[in-house]
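Structure first, commentary second.
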Amino acid sequence: MDAQHDFVRARRRATIAALVARLRGEPNDVGVVLPYEEVIGALGFVGEQRTGLHVVPLDAIVGSVDRTRDYDRRFRPTSSRTRGRWEQIAAAARRGESFPPVDLLRVGELYFVRDGHHRVSVARALGRGDIDAYVTEVRTRIDADRAMQVSDLPLKSHERVFFERVPLPPEARGEIRLSDLEDYALLAEMVEAWGF
């Protein structure tokens, strides 16, 4: 019964959070789980390396490889599809059973769940602060911002293309901060006209 109440409570919190975001006029994607493939497409995949078992703060887990519709950005369930498995894991956690480590991909400071969505969701619902995880670090051409949202991906994609076309030293890259997609195209044209 406690696990059932945990699921209902977590689901209710997801609904309330979405409603509050809408009332505040926040963009629709603020509470959306980041889709790994789209993020990697925008940032540009370079390579990956397994780094082993780590303790990861749950607040840093904001994305998913394949379950973006089942959870919100804080991994609260957004549908009943996950309920059965979710409640089984919650009941086991309430009995004191430990979770096996989840499998995460790390992009900058962001983590994406490859395996263990239910465990991440239950851990957050039960108030835990971190979780054991096997981590694979993914290197990208440009960095991910901690507060990145789905709506930021087109700008990140243009930023990546700009830096691919205009090779700048790392210290110069940090000086460039643009907020409009068209600004990267204009800047690239100016650099080309100046002969850099």
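Laboratory data are not the source of any read-out in this text; all were calculated from the coordinates shown. Here the structure is a predicted model, which means the values were calculated and not measured. Note that we place each Cβ from the backbone using ideal geometry, even for glycine, and neighbour counts take in every protein chain shown.
Before moving on, here are some points about what is shown:
- Modelled this way, with points 7 Å down the Cα-to-C-beta line, the labels at D103 and E175 are 4.4 nm from one another.
- Near D130, the amide H atoms lying under 5 Å from its own belong to L58; only residues 5 or more places off or on other chains count, and H is placed 1.01 Å from N.
- For the stretch 58-118, the set of GluC sites (Glu not before Pro) satisfying both a DSSP loop assignment and a count of at most 10 other C-beta atoms within 10 Å is given as E97.
- Sequentially through the stretch 81-95, phi angles give Karplus couplings (6.51, -1.76, 1.60; θ = phi - 60°) of 4, 8, 4, x, 5, 4, 5, 4, 5, 5, 5, 4, 5, 5, 7 Hz, Gly and Pro residues having no value and appearing as x.
- Per-residue extension of 0.36 nm, minus the Cα-Cα distance of D66 and R94, leaves a gain of 7.4 nm for this segment.
- In this label model, D183 and V55 are separated by 4.0 nm, measuring between points 7 Å along each Cα→Cβ vector.
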